[in-house]
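Colleague: Quick one: the structure is below, questions incoming.
Please treat every number below as a calculation from the coordinates, not as lab data. In this text, all values refer to a predicted model and were calculated from it rather than measured experimentally.
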Amino acid sequence: MNTRTRSLLAVSALLVLVIVVVAIPAIVRTVDRRGEDVAGVVTTHYAPDGSEYWQISAGPANAWLLPADNGYLLVDTGYREDYDRFVAGLEHVGIDIADIRYLFITHAHDEHAGFAARLKREAGCTLIVPRDSLDGLAAGRFDWEGVSVNVAVEMVGRLYNAVKQRDFSFEPVEPREDDIVLDESDTEIAREWGVAGTFVPTPGH
């Protein structure tokens, strides 16, 4: 197999991957807007002690829902356009967004904070955000520099962003006085809410 053939195969594989990543989720979201099945949005997992927690895949990004003493803690959201499907997926498994009492945004990217501001308005949840992410959250946008682990990931990322016409923006998120801003990792807040975990601020991926 010569170099040109290998290059053509690599490009073909990347195009197929882009179709899978971009086209299929878009088709699924379109079907859901027509009121069809949203059973695949929420996946139940079990901790070692047998307790449930949930992976929520309303779009390309995942969010995580953990039980707390008086409701739920949500870790990240998804893109802003994923909100309706997110709500429908939770309703499908019997969870009301009003029971989401806490929202931890790990960092200020559009796929992690996309509908955070809307969820806070509609659910009235307490925000937990890293101090280093405050400026990005308030701006409602971040600059994607395209720094990737290898050339293939870089190409897929650029194609995905181009096809989706992604502008990296989201509704600005600004914590209020009763929200929590983290300067470093915290092991006590989560435990006070009945969550066996640690809040760890992250700068990005």
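Colleague: Figure the gain on full extension for THR202 and ARG131 (residue separation times 0.36 nm, minus the Cα-Cα span) and round it to one decimal in nm.
Modeller: Numbers: separation 71, 0.36 × 71 = 25.56 nm, distance 1.03 nm.
Contour length minus the Cα-Cα distance gives 24.5 nm.
Colleague: A further question follows. Would you kindly state how much longer the chain becomes between THR187 and ALA138 on full extension, computed as 0.36 nm times their sequence separation minus their alpha carbon distance, in nm to one decimal? Before the final figure, lay out each step's value.
Modeller: Values: separation 49, 0.36 × 49 = 17.64 nm, distance 2.58 nm.
Net length gain for the segment: 15.1 nm.
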